[in-house]
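Report on the structure given below.
The values are calculated or read from the model by the stated rules, or taken from the named source; none is laboratory data. Since this is a predicted model, take the numbers as computed values, not measurements. As a convention, Cβ positions derive from the backbone with ideal geometry for all residues, glycine included, and neighbour counts pool all protein chains shown.
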C-alpha cells in the first residue's frame with residue numbers, strides 16, 4: 001500500500017500539469033508518453049526544421065557539447081582539471097546513501113573538474129536534498145532555482161520537486177584553534 005507522502009507526490013506532480021497545460025498542443029513530454037511519438041506542432045525545439053538547420057551548419061552549437069555515458073567520477077578523472085564551466089548531473093544523487101561516501105566523492109571530483117565559478121545543475125525529487133549540505137561543505141554555494149509547492153508546477157514535466165545551481169566558490173579553510 002502506498003503511503004500518504006507517495007500519494008501526495010503523485011497529486012503534486014500531475015494536478016498542476018493537467019490544469020495548466022493542454023497535453024495535445026503544449027506539453028510534448030506527456031504527449032510522447034501517451035501517444036508514443038511527437039507531433040509536428042508539439043515537439044522539443046531541437047526537433048524543428050530551424051533547429052536542424054542550425055545544428056547541422058558549420059560552427060554548430062553542438063560542437064561545444066561533450067556527452068559522457070560513464071560513471072561521473074571516471075569522466076572527471078579523465079578530463080583536464082578546472083576545464084568544465086557547467087556540469088548537468090540531474091537527479092542521480094537522490095539514490096546515494098546518506099551514510100556512504102558516494103556523494104562526497106562525486107562532489108570532490110566535480111570540484112576538481114570545474115573551473116573557478118563553475119556551476120552544477122541538479123534536480124531532485126526532494127524539495128531540500130540532503131546532499132546540498134555536502135556541496136556547501138565542500139566548496140560550493142548552492143541556490144534553489146525552483147522549488148515545487150503543492151498545487152504548482154515548476155516546469156512542464158513537474159516530476160522533480162526542486163532544481164538547484166551549485167557554484168564553485170573554493171574550499172573553506174579550517175583555521176587552527178591552537179592558542180600560543
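If residue 85 passes every condition in (1) in contact with a helix residue (DSSP H, G or I) (Cβ under 6 Å, 6 or more places away or on another chain); (2) more than 30 Å from residue 27 (Cβ to Cβ) but one, which one does it miss?
Unmet condition: (1).
Here is a check on your reading of the model: is residue 76 under 16 Å from residue 157 (Cβ atoms), surrounded by 12 or more Cβ atoms within 10 Å (Cβ to Cβ) and at pLDDT below 95?
On the way: under 16 Å from residue 157 (Cβ atoms): no; surrounded by 12 or more Cβ atoms within 10 Å (Cβ to Cβ): yes; at pLDDT below 95: yes.
In short, no.
Considering only residues that are within 21 Å of residue 159 (Cβ to Cβ) and surrounded by 15 or more Cβ atoms within 10 Å (Cβ to Cβ), which ones fall in region 104-125?
Residues satisfying the conditions are 120, 122, 123, 124, 125.
Could you please tell me which pairs satisfy a Cβ distance under 6 Å, a separation of 6+ or placement on different chains, a first residue in region 107-124 that is over 18 Å from residue 162 (Cβ atoms), and a second residue that is in a helix (DSSP H, G or I)?
From residues that are over 18 Å from residue 162 (Cβ atoms), the pairs are 109/73; 109/76; 113/76.
Taking only region 142-155 into account, find how many residues are surrounded by 15 or more Cβ atoms within 10 Å (Cβ to Cβ) and out of contact with any strand residue (DSSP E or B) (no Cβ under 6 Å at 6 or more places or on another chain).
Looking only at that region, the number is 2.
I'd like the residue in region 82-96 that is within 14 Å of the chain's Cα centre (by Cα) and part of a strand (DSSP E or B) and, out of all such residues, is surrounded by the fewest Cβ atoms within 10 Å (Cβ to Cβ).
For region 82-96, the residue satisfying everything is 88.
Of (1) outside any strand (DSSP E or B); (2) modelled with pLDDT of 95 or more; (3) closer than 30 Å to residue 23 by Cα, residue 100 satisfies all except one. Which?
If we test residue 100 against (1) outside any strand (DSSP E or B); (2) modelled with pLDDT of 95 or more; (3) closer than 30 Å to residue 23 by Cα, just (3) comes out false.
Taking residue 15, is it assigned to a helix (DSSP H, G or I) and more than 24 Å from residue 157 (Cα to Cα)?
Values: assigned to a helix (DSSP H, G or I): yes; more than 24 Å from residue 157 (Cα to Cα): no.
Judged against the criteria, residue 15 is not a match.
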